[in-house]
């Protein structure tokens, strides 16, 4: 049970609505913040571990709070997009009968426990419902608590926290018919199945930091996912998020395996502030 908000907190939250939100992109390699038209970035030193996952995201949240302090941010709404490197996604079809929030929480907890067992200890699940489709994502609870506590200490409000794959996938909502989406990052790939822009399936493939190994793994995982679904769709859209992979060679292998693959142009993602912040991270002299 949460304690009733204090008068000061209620007043500070009211004032956050008067300002444009600050926006942050959190990845294993760096964190970027956009606030009041200015962009700041903070990269981790080479070799900083991001495994175990929970500790990696908690460290990245600390980087974000440092950037907020550097920018002297107080009393603002903050929108956050988090790399899928820390996501445990799950897509399920709801029963025919109407489901309460409690029933959905119980359903997701049961499914997550079947997949991860005791590894779900210390993870918190968020979800959204799209017609009969339920999209869940679990994140390390300690990192979420650190984020909410840190923002509250700065009189800020967490306006939204979304996984990167969902944010970028939404840019392809107008993609007609069926397609697969691969969001290719430095150490992981998000594989998403879309039907007229609606998410049907979602998996995150990790390469354990080995870019060459990851380039071999995710096309095989994509083929397995399609096979397990009995899915004849072989249309693939690739978003090259980190520009760290040999995509021409990967596309050649996919084409030889019967896939129709195209790389999403940056202009298609230009309206996404998460994509804009990622381009900012890729510029030299990240400090």
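Mean sequence separation of contacting Cα pairs (under 8 Å, at least six apart), scaled by the length of the chain, corresponds to a relative contact order of 19 percent. Does anything in the range 152-183 have its amide N under 20 Å from the 7 Å Cα→Cβ label point of residue 127, and if so which residues? Flagged as within label range: 161-167. Ranked by how many other Cβ atoms sit within 10 Å of their own Cβ, fewest first, the residues 80, 137 fall in the order 80, 137.
Residue exposure proxy: 92, 34, ordered by other Cβ atoms within 10 angstrom of their Cβ from fewest to most, comes out as 92, 34.
Where a ≥ b ≥ c are the square roots of the eigenvalues of the C-alpha gyration tensor, would you call the range 99-156 rounded, which needs a/c under 1.5, or, failing that, prolate if a/b is larger than b/c, or oblate? Cα axes put the range 99-156 in the oblate bin. What is the distance in Å between the Cα centroid of the range 196-237 and that of the range 131-190? Here the answer is 18 Å between Cα centres.
Under the simplified labelling scheme, the residue 253-residue 110 pair shows an inter-label distance of 3.9 nm, with each label point 7 Å from Cα along Cα→Cβ. Considering helices alone, the calculated mean residue ellipticity of the chain at 222 nm is -11500 deg cm²/dmol, with DSSP H runs of length four and up weighted by -39500 (n - 2.57) and normalised per residue. Anisotropy class assigned to the range 28-150 is prolate, per the alpha carbon gyration tensor with a/c at or over the 1.5 cut-off and a/b larger than b/c. Going by neighbour counts of Cβ atoms within 10 Å, the residues 192, 120 line up, fewest first, as 120, 192.
At each listed q (0.10, 0.13, 0.20, 0.22 Å⁻¹), what is the log10 of I(q)/I(0) that the Debye formula gives for the range 172-270 modelled as equal alpha-carbon point scatterers? Taken in order of the listed q values, log10 I(q)/I(0) reads -0.23, -0.40, -1.01, -1.23. Shape class of the range 240-287 from the Cα gyration tensor (axes a ≥ b ≥ c, square roots of the eigenvalues): oblate, since a/c reaches 1.5 or more and a/b does not exceed b/c.
For the chain, the longest principal axis of the alpha carbon atoms and the long axis of helix 7-16 meet at an angle near 50°. Building the convex hull from the alpha-carbon atoms of the chain and averaging its projection over directions returns 16.4 nm².
Computed from Cα positions, the angle between helix 141-153 and the longest principal axis of the chain comes to roughly 40 degrees.
Since every read-out is calculated from the coordinates, none of them should be taken as a lab result. This is a predicted model, so every value here is computed, not measured. With ideal geometry, Cβ positions are generated from the backbone for all residues, glycine too; neighbour counts draw on all protein chains shown.
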